[in-house]
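One structure is given below, encoded as structure tokens.
Bear in mind these aren't lab numbers, they're just calculated from the coordinates by the rules spelled out. Treat the numbers as computed from the prediction; the structure is a model and nothing was measured. Here the Cβ is made from the backbone with ideal geometry for all residues, glycine too, and neighbour counts use every protein chain on show.
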């Protein structure tokens with residue numbers, strides 16, 4: 001049977017969500033980027049969502065939905081999170097000023113979603129990027145699976161998504177054993 005895996009990609013503004021989805025999607029990413037005048041390097045931001053698709057073995061498909069990173073578009077999180085199997089939280093490992101926002105994203109979803117999460121530390125190719133232990137400390141969670149990730153590299157993105165799918169399958173197996 002063909003299955004659609006709906007995965008959310010969340011994180012603070014400019015953490016690499018659009019790049020993450022674009023680097024692995026089989027289709028041109030459906031993006032709602034708009035110029036906001038926020039940030040010196042980035043002239044646009046996602047205002048509703050990004051959408052990408054990946055064909056998997058056996059006829060299965062993964063749909064990736066990227067959330068907006070700016071606070072004023074947070075209402076989209078609830079819209080996009082319906083029916084997800086899990087989510088990826090991306091944090092920029094080189095910008096400590098965004099780590100509190102990443103923590104609030106995590107806390108927001110924890111109160112509403114009973115799905116697995118994997119954290120990807122973007123910009124992991126840079127010398128000043130924090131490691132997984134520091135990220136766990138910043139996020140206030142010692143139990144998180146955290147994977148360094150260059151969002152431009154397909155292999156890095158794939159590693160994060162495979163880790164999340166493993167958690168989804170583990171959770172589904174636990175649910176089946178309990179029932």
- Item | Protection-proxy order for peptides 145-155, 117-127, 86-96, each taking the mean of Cβ atoms within 10 Å per residue, highest first | 86-96, 117-127, 145-155
- Note on the structure: Here FRET efficiency (C-beta to C-beta, residue 27 to residue 136, R₀ 30 Å, nearest 0.05) is 0.30
- Item | Per-bin percent of Cα-Cα distances, the stretch 91-171 [5 Å] | 3, 16, 24, 26, 21, 9, 2, 0
- Item | Simple label model, 7 Å out from Cα along Cβ direction - residue 158 to residue 57, nm | 1.2 nm
- How do 20, 13 line up, fewest other C-beta atoms within 10 Å first? 13, 20
